[in-house]
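The values are calculated or read from the model by the stated rules, or taken from the named source; none is laboratory data. Just so it is clear, the structure is predicted and the values come from calculations on it, not from any experiment. So basically every Cβ, Gly included, is an ideal-geometry build from the backbone, and we count neighbours across all protein chains shown. These area figures cover heavy atoms from the full protein model, side chains too; ligands, DNA and RNA do not enter into them. Shrake-Rupley method; radii C 1.70, N 1.55, O 1.52, S 1.80 Å.
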Protein chains: 2
Amino acid sequence: MKDVAELADVSVTTVSHVLNKTRYVDRSLVRRVETAVKSLGYQPNALARGLRRKETRMLGMVVPDNSNPYFAELARSIEDACFECDYNMILCNSDEDPTKERAYLSLLVEKRVDGIVFVASGNDRSGVQAVLQQKIPLVVLDRELKDTKCDSIVVDNRAGASRATQHLIDGNHRRIGCVGGPINLVAARDRLQGYQDAFTKARLRVDPKWIQPGDFHIEGGYTAVQRLLDLPNPITAIFAANDLMAIGVLRGIGARGLRVPEDIAVVGFDGISLGKYTQPPLTTMAQPIREIGKLATELVLSRVNGERKEPRIHRLETSLVVRISCGTATQKRAGAKRET
Amino acid sequence: MKDVAELADVSVTTVSHVLNKTRYVDRSLVRRVETAVKSLGYQPNALARGLRRKETRMLGMVVPDNSNPYFAELARSIEDACFECDYNMILCNSDEDPTKERAYLSLLVEKRVDGIVFVASGNDRSGVQAVLQQKIPLVVLDRELKDTKCDSIVVDNRAGASRATQHLIDGNHRRIGCVGGPINLVAARDRLQGYQDAFTKARLRVDPKWIQPGDFHIEGGYTAVQRLLDLPNPITAIFAANDLMAIGVLRGIGARGLRVPEDIAVVGFDGISLGKYTQPPLTTMAQPIREIGKLATELVLSRVNGERKEPRIHRLETSLVVRISCGTATQKRAGAKRET
DNA sequence: GACGCTTGCGCAATCGTTTGCTCAAGTTTC
DNA sequence: GAAACTTGAGCAAACGATTGCGCAAGCGTC
């Protein structure tokens, strides 16, 4: 920048003002500066600027694993929203490891990101507290941290799971298995609860053996479905607490030589885009992934810009996407989208 | 930091040296500094440090779309390698748009990342040139930029595609369709060439109608396979130039009521982890994704640390992963891994 | 006891920007 | 024509770390 100033024969102050259009500068000087910038191939140093301005135009995002399609799509939507606002996104994979989580949060604070989008995996709150203490805006996704003063965005897991299960019941299924998620996650517990709600509402009973624990990964769905298929009085449908496990379920059923939906109906949860092309296409309770990303970014950036609203929990609705795997695609249901 | 120094009653110099262990400091002072750091909740400012040290411990990565499983896994492997070395990764989605590519590269330069891992989508070289001109280490993935002085990592697409096709020929298929990628990508052209090589080597002819253009996305595979299935003299096997299209192919075949591998055999390319759980599991020519990520990071960081070797093209081998979709899983082949 | 070495620490410059303050020149106003 | 504004631009002090250099005290040597 000093070089630019020298070449254009003006002060660095003027160069700065020209670059930022932050005060009036004579046209001829502007031109001189601009040609100097071009000829030197000058690019401003964001570090120095950030140091002075106390902003970095970077957001941190920490997810358990960005190669999980759900988080991949979430990260993508956040990154898009960042790009819109000339922000960059630092991506961190926590592997659901509280130690890594804390390490990353601390690193992000050191890097002085303007805000953080955090998909918490465990129950550890110390890392988040440390961030908030530094007055860095943070929004938690997929999880409500009680007694913690920060925004969070969640979907109505319980209602969604209930409606998904309801859909199977409406399809005349009575013995419906559930492949649940890790019980330490509220999201998983809520979805399990929703599954049970649907039975209660329909005045049906659920056999505890129908409920199989999973891990929110494909493998978990694959192994869990084996146990369900081994049941003496086998189930006729399965609600998987997320799409990844649903994919494992589909594969597990296929490996047994059974067919979906003729032999077993399957419904998932999340609405990852891959579900459109599973074999058969997956009926699922979709989360509004792009909206979540957009809202998260807006929330963080509004606080970056001085917003002082009381933090709150934003609860979004899910929507049923009916495809083939549930076997009721021909049946019309209010509020459910059908896809080809 | 000034506060810490004051509280510990030492100079900022000493605080700095204690924090970085960069010179001997008396034990009692060290303790005073450490307690001061704790009690103030002090976290160093990476901006200031970076400004002075001229390093940010951040790498930039630009990919076409991080929700594409292949890039997701690639990004993941790079991020892992970064974490190992206490680096952070800024993730950018170019959408294969040269304008966005340039915008991101320029932003990364401004942010003064220490290095860049770049998955080029088009042929645009101006952005890369600008980066190299600023002496920022950059490694290009998946693509060799001719006459450009930077490292690149590619797999042997042609040989890989040839072996994949060969595998189908060995399975007694003679009429094998090919769902190719966007012809502006060398990777796509090479794989197409490899497909043809296999025929030449087997002294067979390939009917031009068997070759259908695709887009490296699921949809492209889905629509391309329709055209192949409509052929008057239908094909019995398909080589898809990447796994995503192979998934579309599987679904397209399924939608027709045909079965894989009984009616049509399918082989993909990339080795994304999802392939293990498609219906049926996908035989594929796998890229060593994790090695690519590791090597890319090593290459970049070695140059960050002053390495001055002549840039070169690193060519990695692919490996055939035989699963169910090719219909020859029972057949033993040298050099091919079989999975359960 | 003077000299030189070693040891342990602080001073102050520096990294590359932004920005409050100042100031000269030009323009009104009365 | 002098006082009071206005206008356009530069000076220099931050921002928060790192680091070359220097200094004082302690110690050994002759």
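A few notes on this one:
- Alpha-carbon centroid distance for the pair the stretch B:11-34 / the stretch B:39-109, whole angstrom: 31
- Two-site FRET efficiency, B:Glu6 against A:Arg23, from Cβ-Cβ distance with R₀ of 35 Å, rounded to 0.05: 0.45
- Reach of B:Lys111 by Cα under 13 Å, taken over aspartates and glutamates that are not fewer than 8 positions away in the same chain: A:Glu55, A:Asp86, B:Glu55
- Potential lengthening between A:Asn184 and A:Glu55 on full extension [0.36 nm per residue; Cα-Cα distance subtracted]: 42.8 nm
- Protection-proxy order for peptides A:239-251, A:69-81, A:28-40, B:116-128, each taking the mean of Cβ atoms within 10 Å per residue, highest first: A:239-251, A:69-81, B:116-128, A:28-40
- Per residue, the stretch A:2-44 exposes an accessible area of 69 Å² to a 1.4 Å probe, with every protein chain left in place.
- Copy-to-copy label separations for B:Asp124, where each label sits 7 Å from Cα toward Cβ, in nm and ascending: 4.0
- Relative to the dominant Cα principal axis of chain B, helix B:27-40 is inclined by about 70°.
- Restraint check, A:Lys146/B:Lys100; A:Lys135/B:Lys38; A:Lys149/A:Lys209, Cα-Cα greater than 29 Å: A:Lys146/B:Lys100; A:Lys149/A:Lys209
- Compactness relative to 2.2 N^0.38 Å, alpha carbon Rg of chain A: 1.25
- Ordering B:Leu320, B:His217, B:Ala36 by Cα displacement along the dipole of chain B toward the positive end leaves B:Leu320 in first place; charges were set at the Cβ atoms of Lys, Arg (+1) and Asp, Glu (-1).
- Rounded to the nearest 20 debye, dipole of the stretch A:38-97 from Cβ charges on Lys, Arg, Asp, Glu: 760
- Taking the DSSP beta bridges with both ends in the stretch A:239-326, the antiparallel portion is around 40 percent.
- Taking every alpha-carbon pair under 8 Å whose residues sit at least 6 apart, the stretch B:2-44 reaches a relative contact order of 43 percent.
- Under 5 Å between amide hydrogens, built in the peptide plane, is the criterion, and for A:Ile264 it picks out A:Arg259 among residues at least 5 positions away or on other chains.
- Within straight-line reach of A:Lys276, meaning a Cα separation under 25 Å, sit the following lysines at least 8 residues removed in sequence or on another chain: A:Lys294, A:Lys332, A:Lys337, B:Lys276.
- Starting from the label point of B:Gly41 at 7 Å along Cα→Cβ, the same points in the other copies fall at 4.5 nm, in ascending order.
- Shielding of peptide A:84-94 by partners, expressed as the average count of other chain Cβ atoms within 10 Å per residue Cβ, is 5.
- Along its principal axes, the protein assembly as shown has C-alpha extents of 75, 67, 54 angstrom, given from the largest down.
- Only Lys, Arg, Asp and Glu carry charge here, each on its Cβ (+1 for the first two, -1 for the last two); on that basis the stretch B:24-173 has a dipole of about 980 debye about its Cα centre.
- Summary for A:Ala202: label point 7 Å along Cα→Cβ; distances to the equivalent points in the other copies, ascending, 5.0 nm.
- For the protein assembly as shown, size of Cβ-based charge dipole, Lys and Arg +1, Asp and Glu -1, in debye: 40
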